[in-house]
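Beneath this line is the structure, given in structure tokens, with notes to follow.
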Amino acid sequence: MEEYVLKSDDFLVSQTDEKGILLFANDDFCNIAGYTLDELVGQPHNIVRHKDMPRAAFKDLWKTVKDDKIWSGYVKNSTKNGGNYWVYATVYPMYDKVRKAKTYMSCRRKPSKQEILDAQNLYKTLN
């Protein structure tokens, strides 16, 4: 499986509803994950979850954002073609006035090689 290494100016953005269903994804997210916007909207965000990611990471993410706090962490995602990519993600809980519902905005950037190594070592202890 091929690993995609984000460029320094890649900035992936997505928005989900309270259940993690994708409402929006920007071009960088679509292009790197290998999906069109139409393929992503309406799907669970975990469509890009990589099998190496420990459940504990996402349990912590959901607990944090449901408590209206911002979560940050390193995430290994899968691409549509079976590859993968690492991101440093920050997830913001927010209230969407148009939808009149809570949503979550995730912004992701390129992590350093050392940050990825540190995350891999930590995640080995959680699996």
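The values are calculated or read from the model by the stated rules, or taken from the named source; none is laboratory data. Because the structure is a prediction, the values reported are computed rather than measured. So basically every Cβ, Gly included, is an ideal-geometry build from the backbone, and we count neighbours across all protein chains shown.
Has region 15-24 got any residue that is within 26 Å of K113 (Cβ to Cβ) and under 14 Å from the mean Cα position of the chain (by Cα)? No: zero hits.
Considering only residues in region 67-99 that are of a type in the set (D, E, K, R) and modelled with pLDDT of 95 or more, the one that is surrounded by the most Cβ atoms within 10 Å (Cβ to Cβ) turns out to be K76.
For region 32-42, the criterion of being in contact (Cβ under 8 Å) with a residue 60 or more places away in the chain, out of contact with any Cys (no Cβ under 6 Å at 6 or more places or on another chain), surrounded by 13 or more Cβ atoms within 10 Å (Cβ to Cβ) and not polar (S, T, N, Q) is satisfied by no residue at all. Would you confirm whether any residue within region 75-88 is free of Cβ contacts under 8 Å to residues at least 24 places away in the same chain and out of contact with any Pro (no Cβ under 6 Å at 6 or more places or on another chain)? Checking region 75-88: not a single residue is free of Cβ contacts under 8 Å to residues at least 24 places away in the same chain and out of contact with any Pro (no Cβ under 6 Å at 6 or more places or on another chain). Could you check, for region 107-116, whether at least one of its residues is out of contact with any strand residue (DSSP E or B) (no Cβ under 7 Å at 6 or more places or on another chain), under 21 Å from M1 (Cα atoms) and either surrounded by 18 or more Cβ atoms within 10 Å (Cβ to Cβ) or in contact (Cβ under 8 Å) with a residue 12 or more places away in the chain (or both)? There is at least one residue in region 107-116 that is out of contact with any strand residue (DSSP E or B) (no Cβ under 7 Å at 6 or more places or on another chain), under 21 Å from M1 (Cα atoms) and either surrounded by 18 or more Cβ atoms within 10 Å (Cβ to Cβ) or in contact (Cβ under 8 Å) with a residue 12 or more places away in the chain (or both). M53 satisfies every condition listed in (1) part of a loop (DSSP other than H, G, I, E, B); (2) surrounded by fewer than 15 Cβ atoms within 10 Å (Cβ to Cβ); (3) hydrophobic (A, V, I, L, M, F, W, C) except (2).
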